Amino acid sequence: MILSVKDVHKSYGKEKVLKGISFEIEKPQIIALVGPNGSGKSTLLNIITNLLTADSGNVTVLGKSNRNPDIFKDISFMQDNSVLYEYLTGYDHLQFIGDVQGISRKQITDTADWIGISSYLNKKVGNYSLGMKQHLLLTMAVLNAPKLLILDEPLNGLDPTSAIRVRELLVELHKSGTTILLSSHNLAEIDRVTSTILFLKNGELIKENILQHENICYELVVNDIVKAQSVLEEETIPVELMGSKLRIYMEGSSLGGVFRILEKHEIKLLDLEKIVLGTEERYQKIFGEKGDKQ
Ligand SMILES: Nc1ncnc2c1ncn2[C@@H]1O[C@H](COP(=O)(O)OP(=O)(O)OP(=O)(O)O)[C@@H](O)[C@H]1O
């Protein structure tokens, strides 16, 4: 087991931010934590990395409690750029981590080369752009070749070129066996990196298996759309009018069952298209158009 989060609760005063969060990561993968502003994503990531204490619940990383300092050999948390010192160079930051964790000079330069920051490594961080800072933070986070890498909004504020590069690096890290847990608002980017998404809503996680069902739907063109909508709804099949098409969310019902209902009511099927919902559409379906805090 790479990560186990069990029944984590956290309140700030009367505000209950996390109401019993549980999930497990069993094998190396990329998992995204998605939710509206203020839904508790940072709170949850800070609790997992023991920067914040939960009111109750348990977190274990590779079988050890997250309170055991030994876990930091195996996990890394990519912090935001407030942890950087403007008057130090990128190399100074990496060397500091190298000294603390016993990482060789060669490993530092190899990692910097791989991330692509070598050309500005000896410049002071005060002269870095936001994208350069994000790349340095990522290099700092992967220096110890972590088994679990946690990132809070790693694509935040990046221009498209930098965002693409960071995304590619995450995919490469995953291919080399690193498990990645990241939070993000950039849903289009998330879609390109992973389809495993934990949606945080009202302090609770929307379970993945429900989402996987909702991920696929069908759009039908029929000769009598009003009648088709009404007969399918009578059979409690979730449908939605999409212009001249009828969208059917499968949620446990089979396509064969839908065809039989239409046939029974003498409704002709003229066209059928399978739709895989992107993260953005799934997000809107769960949180509503605005995705405001609920
Ligand atoms: N130290 C704190 N004291 C009081 N309330 C806090 C504190 N930190 C967070 N909160 C509140 O907890 C809620 C969750 O905040 P959190 O930063 O975890 O959400 P988030 O999903 O990461 O938001 P965003 O996407 O905007 O970064 C918010 O309502 C926030 O105001």
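The values are calculated or read from the model by the stated rules, or taken from the named source; none is laboratory data. Here the structure is a predicted model, which is why all the values come from computation and not from measurement. Reconstructed Cβ throughout: ideal geometry from the backbone, glycine too, with neighbour counts over all protein chains shown.
Here Leu52 fulfils each of the conditions (1) in a helix (DSSP H, G or I); (2) in contact (Cβ under 8 Å) with a residue 24 or more places away in the chain; (3) surrounded by fewer than 14 Cβ atoms within 10 Å (Cβ to Cβ) apart from (1). Among the residues of the stretch 147-157, which ones are more than 16 Å from the ligand (Cβ to nearest atom) and surrounded by 20 or more Cβ atoms within 10 Å (Cβ to Cβ)? Selection gives Leu148, Leu149.
If you filter the stretch 20-38 down to residues that are assigned to a loop (DSSP other than H, G, I, E, B) and away from the ligand (no atom under 12 Å from the Cβ), you find that the one that is surrounded by the fewest Cβ atoms within 10 Å (Cβ to Cβ) is Lys27.
Residues that are over 15 Å from Ile286 (Cβ atoms) and touching a residue at least 24 places away in the same chain (Cβ under 8 Å) within the stretch 24-36 comprise Ile25, Glu26, Lys27, Pro28, Gln29, Ile30, Ile31, listed in sequence order. Would you call Lys64 charged (D, E, K, R), free of Cβ contacts under 8 Å to residues at least 60 places away in the same chain and either in contact with an Asp or Glu (Cβ under 8 Å, 6 or more places away or on another chain) or within 15 Å of the ligand (Cβ to nearest atom) (or both)? When the stated conditions are applied, Lys64 passes them. Scanning the stretch 104-115 for residues that are over 12 Å from Tyr91 (Cβ atoms) and surrounded by 14 or more Cβ atoms within 10 Å (Cβ to Cβ) returns Gln107, Trp114, Ile115. Within the bounds of the stretch 42-54, is there any residue that is in contact with a His (Cβ under 9 Å, 6 or more places away or on another chain) and closer than 27 Å to His185 by Cα? Scanning the stretch 42-54, I find at least one residue that is in contact with a His (Cβ under 9 Å, 6 or more places away or on another chain) and closer than 27 Å to His185 by Cα, so the answer is yes. If you go through the stretch 170-200 and pick out every residue that is on the phi < 0 side of the Ramachandran plot and modelled with pLDDT of 90 or more, you end up with 13. Here the condition is being modelled with pLDDT under 95, small (Gly, Ala, Ser), out of contact with any Phe, Trp or Tyr (no Cβ under 7 Å at 6 or more places or on another chain) and within 26 Å of Glu189 (Cα to Cα); of Gly38, Gly63, it holds for Gly38 alone.
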